[in-house]
Amino acid sequence: THTTSGGGSAIWIASSIFVTTGLIALIALLALRRHRGLIENFARTEALAAQRERELHGEREIRQLKDSFVSMVSHEFRTPLGIIQSSAQILDRYLDRLPAEQRREQVVSITKNVRRMASLIDEVLVLGKVEAGQLRCSPAPLAFATFCQKLADEMHSATGGRCPIRLAIPELPAAQADEALLRHILGNLISNAVKYSPA
């Protein structure tokens, strides 16, 4: 009887240990899963926070660029406006007394500065589209050599022939490009080259 009772106690103790161990293992597994979930949630939160920080940084850079650009454009607008006003006043006051060549010079000056202002307005519009995320690239077939020659001629005229613009283009295959964006990019490059190069 004593042996049987001791064996039953041993079995009961073993069963209790087994059940307790199983419960501990189950609790540990649940805790581990919960811990893993917390870690994954934390990682996702960190990733979202980092992404948002990058977006905010990009927005700050665009705002600073816009503020700087608007300030520059405001200053740049004054020069062509002043020249246009001056030329218009000269033509208004002295039209009958001016030789034909001088009248022509004043008209050319007005035309050149109107183009300059149109170019500045285009730049403001492009920046606005960039800021609003609305700038799109729409490639279409483009005769690149013809386009470049036309643009070079336009820029030479718009910059008053201040610097010679020589164009040398090898044979080019047919191209796909967004003409408006390409005109803006190359126009800016040529304009800056003329502005900062010796005559």
Hits in segment 65-90 - residues which are surrounded by 15 or more Cβ atoms within 10 Å (Cβ to Cβ) and more than 22 Å from Ser191 (Cβ to Cβ): Ile90
Some residue of segment 177-194 being in contact with a Lys or Arg (Cβ under 6 Å, 6 or more places away or on another chain) and within 30 Å of Val70 (Cβ to Cβ): yes
Selection count, segment 117-159, where residues are more than 28 Å from Leu172 (Cβ to Cβ), surrounded by fewer than 14 Cβ atoms within 10 Å (Cβ to Cβ) and of a type outside the set (A, V, I, L, M, F, W, C): 4
Exclusive hit being basic (Lys, Arg), modelled with pLDDT of 85 or more and outside any strand (DSSP E or B), set Arg136, Arg166: Arg166
Enumeration of residues in segment 160-199 that are open to solvent by less than 40 Å² (accessible area, probe 1.4 Å) and free of Cβ contacts under 8 Å to residues at least 24 places away in the same chain: Gly161
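The values are calculated or read from the model by the stated rules, or taken from the named source; none is laboratory data. Predicted model, so just to flag it, every value in this text is computed and none were measured. A quick note on method: Cβ atoms are made from the backbone with ideal geometry, for glycine too, and the neighbour counts reach across all protein chains shown. Heavy atoms of the whole protein, side chains included, go into the accessibility calculation; ligands, DNA and RNA do not. Shrake-Rupley method; radii C 1.70, N 1.55, O 1.52, S 1.80 Å.
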